[in-house]
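Here, each number is a calculation from the coordinates, and none is a lab measurement. Note that the structure is a prediction, hence the values are computed from the model and not measured. Here the Cβ is made from the backbone with ideal geometry for all residues, glycine too, and neighbour counts use every protein chain on show.
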């Protein structure tokens, strides 16, 4: 069976109805039908007008009260931001280019959310920390921040280009398996008395490394066997 990712667009607290309508239209242009929104503004006539023939995308949109609720419905989560960290020791805002991400994710076998933040403040650090990867669009330093609907169009275009290639038959792990590994990694840090002031950064780094690895189900079970053996021995020393 050919495996391809299912993309959805996640908008966190969008403020302008017109932007939402324009986003629905470009989603349909690139074959994406699922729109998730966290505490959006009211969807008025402007949104419907700008959506054109993508009104069905607006009508079927799922509304959430918190980003944490959305995250639980996604197997892989990619945040977007114009504010990134290019340093060697970057952690939270260490980024991938959209082209690199599109190549990595094309063989993924789950639901992939592309997350866009507020028009004025973007995504908060706590929201980015819950995501598997951070994406950015290269723009001029004179005016780096893009209009929300334009940013969505650029990202979906890059994903659409790569999606046309042959899909994989490998079954990858989803959100449940990744969260289990993240949970056990946290337990390992606790058992080895890892410095508390470094723990959060270590957890974020592990989450990002795990996301980039795109583990298959077979690889997951192999690593989980090793991790559980490590934990069993550490627990005996407590």
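Data for the structure
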read-out: Segment 1-45, relative contact order in percent, only Cα pairs under 8 angstrom and at least six apart counted; value: 54 percent
read-out: Degrees, to the nearest 10: 148-163 long Cα axis against longest axis of the chain; value: 60 degrees
read-out: Bridge type composition, the chain - antiparallel percent by DSSP, nearest 5; value: 10 percent
read-out: Rg/Rg_ref, segment 175-236, where Rg_ref = 2.2 N^0.38 Å and atoms are Cα; value: 1.12
read-out: Burial order of peptide ranges 36-42, 127-133, 191-197 (average beta-carbon count within 10 Å, highest first); value: 127-133, 36-42, 191-197
read-out: Protection proxy ranking, peptides 19-26, 177-184, 151-158, average beta carbon neighbours within 10 Å, highest first; value: 19-26, 151-158, 177-184
read-out: Packing rank of 138-150, 66-78, where each peptide gets the mean count of other beta carbons within 10 Å, highest leading; value: 66-78, 138-150
read-out: Value of relative contact order over the chain, rounded to a whole percent, pairs C-alpha under 8 Å and six or more apart; value: 24 percent
read-out: 222 nm mean residue ellipticity, helices alone, for the chain (DSSP H n ≥ 4; -39,500 (n - 2.57); rounded to 500); value: -14500 deg cm²/dmol
